[in-house]
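Undergrad: First the structure, then my questions, so here it is.
Nothing in this text is a laboratory measurement; each read-out follows from the coordinates by a stated rule. Only a predicted model underlies this, so the values are computations on that prediction, with no experimental measurement involved. Neighbour counts run over all protein chains shown; Cβ positions are idealised from the backbone, glycine included.
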Amino acid sequence: MHYLDPEQSVYSFSKNHQPQLTINSGEKVVFRTFDCFTNQVTSEADLVTTLDFSKVNPATGPVFIEEAMPGNVLKVEIHDIKVRDWGVICTLPDIGVLKHRAETQTKIVAIEHSQTVHFSEDILLPAVPMIGVIGCAPAGDEIPCGYSGDHGGNMDNHIITRGSTVYLPVHVPGALFALGDIHASMGDGEICGTGVETAAEVKTTISVLKGVTLPRPFVETEKNWYTVASGDNLQEAIRKASEDMQDLLVKNWDLSATDAFLLMSVAGDVQICQCCAAIDVIARFRMPKLESLPRLI
Ligand code: CA
Ligand code: ZN
């Protein structure tokens, strides 16, 4: 078992970052993470407007995986996510679906045993810890951790949780994988711009798959397959995620492109990961693991 500490983190995905850890395919790594503000918020008096924004969205890593080469797929199994006993929820002046109807505010909430979020004395909700930022270095210029793309990044996809497996395209030798921005709870869309932001410990197994390629991130849960795509607008993100799923169904379920389209329409779902920021929108396409049909990866 390898351990990485929060201080071993980066603020972008880049082929030029020095690895914090080198492993072989199939090894287990525990990522200890800061919260998305690098723990700068410690009380409700700390508004986001007072923070150093060069220190937002850290990702712990990167990890260099010996066998990983461009064109491979990195398989990351999420075994467990333990979160801190408190989290931060806040509004940001320029971000969020209801920003025109909100004050800039910071709310600190208690999180009990990684299981229950105390939104207020009366409002308790289940904690379902998830990973906001997860990805590999892109082939080209560095991409700040606040952005998403074909490399992964800030996808804010709440199905990336305990028990999920994330598959990412490898673009550079070693993959240079990192993750961070854990939320104790977050709804689809992340409409105010934050989940319950918290520090965490994420237990993973990281493996390299040869002989398979993916254009963009892909996620497996117990019952579903998900393609994930970001775009400049919602239509673009939905189109890319749907095309990726169609391609996988044509290849693995022996369907024509049109039949795959029909099946996706009657059995699958378009879902929104994140739509709070002006910079990008992330969507996913959910396809259930239909009985007797082969795996998609
Ligand atoms: Ca995020
Ligand atoms: Zn976050």
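Undergrad: Among the residues of the stretch 120-141, which ones are part of a loop (DSSP other than H, G, I, E, B) and crowded, with 16+ Cβ neighbours inside 10 Å?
TA: Going residue by residue through the stretch 120-141, those that are part of a loop (DSSP other than H, G, I, E, B) are 120-123, 127-129, 137-141.
Residues satisfying the conditions are ALA127, VAL128, PRO129, ALA137, PRO138.
Undergrad: Would you say ALA178 is closer than 14 Å to PHE13 by Cα and either within 16 Å of ligand 1 (Cβ to nearest atom) or outside any loop (DSSP other than H, G, I, E, B) (or both)?
TA: Taking the combined requirement at face value, the residue satisfies it.
Undergrad: Does GLY187 meet the test of being away from ligand 2 (no atom under 16 Å from the Cβ) and either part of a loop (DSSP other than H, G, I, E, B) or basic (Lys, Arg) (or both)?
TA: So GLY187 fails the test.
Undergrad: Go through the residues of the stretch 233-251 one by one and say whether even a single one is assigned to a loop (DSSP other than H, G, I, E, B), surrounded by 15 or more Cβ atoms within 10 Å (Cβ to Cβ) and of a type outside the set (Phe, Trp, Tyr).
TA: Filtering the stretch 233-251 for residues assigned to a loop (DSSP other than H, G, I, E, B) gives 233.
Retained after the next criterion (residues that are surrounded by 15 or more Cβ atoms within 10 Å (Cβ to Cβ)): none.
No, the conditions are met nowhere in the stretch 233-251.
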